[in-house]
Amino acid sequence: MSDGFLFLRDIVIVLSIGFVGAFIARKLHLPLLLGYLLGGFAFVVATSSRFTFDASLSALSEIGVALLLFTLGIEFSFSYLKRIRHIVIWGGTLQICLTVLSTAIILPNFGITLKEAIFLGSVFALSSTAVVVKILTDKGEINTFHGEILVGMLLLQDLAVIPLMILLPHVLKFDAFNIKTILTILLSMLQAAGIILATFFAGRTLLPKILEKIVKLNSREILLLAIVSLALGFAFLASVLGLPSSIGAFLAGLLISQSLANHAIFSEVRPLRDIFSIIFFVLLGMFLSPQFFFANLLPIFLLVVFVILIKFIIIFSLMLAFSYHTRTAFTVGFSLTSVGEFAFIIAGLFVTRELISPILYNLVLSVSLLTILVTPWQIDFAPKAYRFFKNIVRRNPHLYNAIFGKLDFDPSFQTELPLQNHVVILGHGRVGKVVSKILTRANIPFVGVDYNLSVIDDLKRRGIPFVYGDPTDIEVLDFAQVDKAKVVVVAVSDRRSQEIIIRNALKLNHHVKIIVRSHFEEDKEFLLATGAYSVVQPEKEAGLTIAQKILTLLEVKS
């Protein structure tokens with residue numbers, strides 16, 4: 001058989017594995033990425049590792065990595081990062097450093113070398129951007145307070161890949177502590193900083209103008225050629241400079257993210273990225289040794305538990321240190337315990353360059369797969385886990401006051417609110433703000449309740465009565481004087497939280513009218529049965545308004 005025939009056969013097999021894996025993952029409500037990886041792993045198990053693929057597939061998979069990081073760079077938003085810079089930049093940086101430090105201190109006690117522990121800590125510190133963002137989008141929580149923090153920290157982790165991929169090879173090759181080694185590492189850090197600063201400069205000045213002129217030619221073929229050439233050209237340039245080619249592609253994406261045409265460019269390159277990256281992830285699953293996985297199930301499981309616990313403790317503690325509410329800290333901590341795509345990419349690149357052993361590579365891949373597998377359930381379980389933890393601690397008043405009373409309380413809330421027949425707005429995000437503005441104009445008294453300190457500061461500046469706290473707590477509702485209120489507006493998005501709020505509000509005042517915001521049709525009947533007076537669905541209301549405007553326009557024209 002000719003080389004061309006074998007190459008075509010291998011592409012068909014890999015893409016078919018990706019299709020079957022993605023189909024099963026979709027049916028099981030799992031991330032498609034997991035389907036690709038597990039599909040490749042299942043193929044290796046089924047064929048007992050006897051099947052060999054054409055070496056040219058590795059080159060295609062590297063293009064997939066480059067295009068994947070290129071599109072991640074396009075989606076990166078510096079302006080978004082600036083808005084929540086305190087927790088994202090300082091908290092995110094500390095999270096990565098503390099994860100590496102904790103791993104470097106603890107893992108060498110279990111037979112892992114210090115260099116290997118530092119490498120593991122570095123890749124374990126990076127969470128799965130694709131998986132977490134997809135889950136938040138599906139749940140309608142991407143624009144919530146905790147959703148904004150999660151996306152910001154994930155973006156910072158993506159950016160941290162640049163210095164990590166430059167520094168880690170030096171750490172893994174480190175033999176002796178001397179001046180030459182220190183200077184090499186410092187030069188590498190300066191190199192990383194220089195690359196990022198140069199990217200910022202070019203992204204704001206040169207490349208956007210060039211791309212906008214190409215877009216104005218109104219030719220999709222020319223645009224596609226330009227952006228693929230740019231991505232692969234930067235990947236090649238990075239290789240010439242001694243950097244991983246994928247980092248060059250990521251920097252090219254960062255440059256384009258500053259262009260007004262970034263969304264059009266993303267839509268053009270996305271199909272190519274998907275096909276080539278599927279090849280990469282299926283092959284990645286095939287690289288995981290079944291013998292290693294099944295022979296080391298207990299160590300892998302223990303390491304997964306260690307990663308989840310250590311990342312949760314670090315992130316939860318940092319969120320509290322930055323004065324965030326315990327509920328926000330708990331949710332963010334639970335959501336960022338996965339080990340993400342960059343762990344696969346870094347480990348895959350380093351094992352091919354013989355910087356790490358195949359055993360260490362299989363360990364990273366195994367832990368990454370399992371943490372991604374449990375991430376969807378963890379994010380869903382976070383609110384329940386928080387309430388369970390809080391109810392357990394509540395049994396000990398002294399401990400409850402030490403943890404929740406001091407962290408979730410502000411002395412300025414001690415004054416009793418002189419209100420009656422008022423409206424209580426629970427959750428002061430986009431919906432709550434619109435309601436409060438209208439109530440202010442109508443001179444209707446209301447109280448805003450939220451656990452976002454920036455929202456509370458805004459209410460304080462506007463002279464609006466407010467309560468800082470978790471709306472699901474009956475004590476918080478009591479302090480907002482729900483027992484004397486006419487209407488309660490539930491603008492939080494989590495259905496379980498909505499249910500608890502409705503039940504607690506009716507306990508305090510069974511005459512109160514409760515209006516709930518919900519994104520999902522299947523939740524409407526449940527919330528009404530729980531005791532809600534009315535359920536408003538933003539998407540449905542928007543559709544009705546648009547339809548009404550269309551009918552009005554048609555009547556005018558007729």
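The values are calculated or read from the model by the stated rules, or taken from the named source; none is laboratory data. Nothing here was measured: the structure is a model prediction, and the numbers come from that model. Here the Cβ positions follow ideal geometry from the backbone for every residue, glycine too, while neighbour counts run over all protein chains shown.
If you go through segment 474-485, how many residues are surrounded by fewer than 21 Cβ atoms within 10 Å (Cβ to Cβ) and part of a loop (DSSP other than H, G, I, E, B)?
1
Only one of PHE292, PHE330, PHE316 is without any contact (Cβ under 8 Å) to a residue 24 or more places away in the chain and assigned to a helix (DSSP H, G or I). Can you tell me which?
Of PHE292, PHE330, PHE316, the one residue that is without any contact (Cβ under 8 Å) to a residue 24 or more places away in the chain and assigned to a helix (DSSP H, G or I) is PHE316.
Return the residues of segment 38-56 that are assigned to a helix (DSSP H, G or I) and either at pLDDT below 70 or among the acidic types (Asp, Glu) (or both); say none if nothing qualifies.
SER56
Quick check on this structure: which one of ARG496, ARG461 is more than 28 Å from the chain's Cα centre (by Cα) and either surrounded by fewer than 19 Cβ atoms within 10 Å (Cβ to Cβ) or in the same structural domain as GLU148 (by TED's automatic domain parsing) (or both)?
Going through ARG496, ARG461 in turn, just one is more than 28 Å from the chain's Cα centre (by Cα) and either surrounded by fewer than 19 Cβ atoms within 10 Å (Cβ to Cβ) or in the same structural domain as GLU148 (by TED's automatic domain parsing) (or both): ARG461.
Would you call LEU211 modelled with pLDDT under 80 and in a helix (DSSP H, G or I)?
Criteria met by LEU211.
Restricting to segment 439-473, give me the number of residues that are hydrophobic (A, V, I, L, M, F, W, C), at pLDDT below 85 and in a helix (DSSP H, G or I).
4
Kindly establish whether ILE438 is among the β-branched types (Val, Ile, Thr) and crowded, with 20+ Cβ neighbours inside 10 Å.
Considered against the rule, which asks whether it is among the β-branched types (Val, Ile, Thr) and crowded, with 20+ Cβ neighbours inside 10 Å, ILE438 comes out as no.
Among the residues of segment 388-419, count how many are part of a loop (DSSP other than H, G, I, E, B) and either loosely packed, with under 13 Cβ neighbours inside 10 Å or modelled with pLDDT under 70 (or both).
Number satisfying all stated conditions: 10.
Determine the pairs where a residue that is within 18 Å of GLY248 (Cα to Cα) and assigned by TED's automatic domain parsing to the domain that holds LEU254, located within segment 197-219, has a partner that is at pLDDT 75 or above and of a type outside the set (Phe, Trp, Tyr) with Cβ atoms under 6 Å apart, the partner being 6 or more residues away or on another chain.
So the pair list comes out as THR199/LEU251.
Tell me which residues, restricted to segment 499-516, are surrounded by fewer than 24 Cβ atoms within 10 Å (Cβ to Cβ) and either part of a strand (DSSP E or B) or of a type in the set (Lys, Arg) (or both).
ARG503, LYS507, LYS513, ILE515
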